[in-house]
Each structure stands twice: as C-alpha cells, then as structure tokens.
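Peer 1: Right, I'll just put the structure down here and ask away after.
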Amino acid sequence: MNRRTTLMSIAFLSFVACSFPQASFAQSSPLIGTWKLNLEKSKFTPGTAPRSQTATFQQDGQNIKNTNQTIDAQGNAMTNVFLHIYDGQPHPTTGNPLYDTSAYLRLDGNTIVLSRFKGGKVIQIGTIVVSQDGKSRTNTTSGIVGPNGLMGTTVSVYDKQ
C-alpha cells in the first residue's frame, strides 16, 4: 500500500469512529459490577427495608442483566432478575411478587428511568442514578412498595464493590 492509501484509510476509520460515538459507549455502562445496599443511607417505607441486598450487573449482548440477592425484612432470601433493555417497553422480571415486568429508558450515561408492572398495570416508577465518580448508585422508586398494596417511596443507596 502506498502512503496516500494508508493515510486515506486512517482518515476514513477515524471519521467512522467519531461519527458513531454511541457504539463505543453501548458496551461500557457505569452499572456493570457488584453493588451492596447501604442501609444507613437508604430510606424505606416502614416495614419494607431488607436486611441486605447485593446487586450484580453484567453485560448480556446489547443489554444488561441485573441479579439482586436480597434478604428481606423477615429474613427470607429472594433473587430478582431484571433485564435492562433500554427501549421503554416492559420485559420479564422474575423473583418479586410485586411486579412481573420492568421497562427502562436511558436518559444519559448515568441516569435511567424505570417503570415496573404487575399484570400490565404500572405499580412503580423511578430512577436509577450512578454518581459521576461511579462509586455510588441511588435508586428512587414510588408506588406499591410492599405487601397488601402498601404505597410509598424508597430511596436505596448502593456502594460499588
């Protein structure tokens, strides 16, 4: 290859890389990793605070799989699995009797809006915000937060491990 062809190839590849910045960011999310619930910084409706929770976020193709291991207020172990597909449409969620699907929209690199549904009806709305330094995450949810239709707002703060 001559020098002109090499320079043109480099210029073209640079143009392509700069034209599609989202493609490079799609694979890197500040959510990826393990997070532990910080009970001291979190606020729950009375009777709904878990004893502990660990959330693990893993890349799953173009999506993110979130697995939560929780010990609830009564000491029962529970595993929830959420698939973050950022299309705003409900997708199956398993492990929690309060909801059966979740929908997510990414507002920016660190902010996600969520809705949770039970039988097609919205029962929770909220946000997930990862701090700018990536060391903490705050989930705020409002709606049905406990058994028997208990309404409230929870603010769950997590520390990255």
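Peer 1: Under the condition of being of a type in the set (G, A, S) and in a strand (DSSP E or B), which residue from segment 113-126 is surrounded by the most Cβ atoms within 10 Å (Cβ to Cβ)?
Peer 2: S115
Peer 1: Taking the condition of being surrounded by 14 or more Cβ atoms within 10 Å (Cβ to Cβ) and either at pLDDT below 95 or among the basic types (K, R) (or both), how many residues in segment 127-146 meet it?
Peer 2: 3
Peer 1: Filter segment 147-161 down to the residues that are buried (at least 16 other Cβ atoms within 10 Å of the Cβ) and touching a Phe, Trp or Tyr at 6+ places or on another chain (Cβ under 9 Å) and list them by number. It would help to see each step written out before you state the result.
Peer 2: The initial filter retains those residues of segment 147-161 that are buried (at least 16 other Cβ atoms within 10 Å of the Cβ), namely 152, 154, 156-158, 160.
Across segment 147-161, the qualifying residues are G152, T154, S156, Y158, K160.
Peer 1: Being assigned to a loop (DSSP other than H, G, I, E, B) and more than 15 Å from N139 (Cβ to Cβ) is the filter here; which residues of segment 31-60 pass it?
Peer 2: Of everything in segment 31-60, those that are assigned to a loop (DSSP other than H, G, I, E, B) and more than 15 Å from N139 (Cβ to Cβ) turn out to be I32, E40, P46, G47, R51.
Peer 1: Of N96, N110, N80, which residue is crowded, with 16+ Cβ neighbours inside 10 Å and closer than 18 Å to S29 by Cβ?
Peer 2: N110
Peer 1: For residues that are charged (D, E, K, R), in contact with a Pro (Cβ under 9 Å, 6 or more places away or on another chain) and either at pLDDT 95 or above or under 18 Å from S28 (Cβ atoms) (or both), tally how many sit in segment 48-77.
Peer 2: Selection size over segment 48-77: 0.
Peer 1: Please count how many residues of segment 127-151 are outside any loop (DSSP other than H, G, I, E, B), at positive phi and in contact (Cβ under 8 Å) with a residue 24 or more places away in the chain.
Peer 2: Counting residues in segment 127-151 that are outside any loop (DSSP other than H, G, I, E, B), at positive phi and in contact (Cβ under 8 Å) with a residue 24 or more places away in the chain gives 1.
Peer 1: Inside segment 94-111, can you point out the residues that are out of contact with any Asp or Glu (no Cβ under 9 Å at 6 or more places or on another chain), without any contact (Cβ under 8 Å) to a residue 60 or more places away in the chain and closer than 17 Å to T138 by Cβ?
Peer 2: Of everything in segment 94-111, those that are out of contact with any Asp or Glu (no Cβ under 9 Å at 6 or more places or on another chain), without any contact (Cβ under 8 Å) to a residue 60 or more places away in the chain and closer than 17 Å to T138 by Cβ turn out to be R106, L107, D108, T111.
The values are calculated or read from the model by the stated rules, or taken from the named source; none is laboratory data. Since the model is a prediction, treat every value here as computed from it, not as a measurement. Here Cβ is always computed from backbone atoms with ideal geometry, including for glycine, and neighbour counts include all displayed protein chains.
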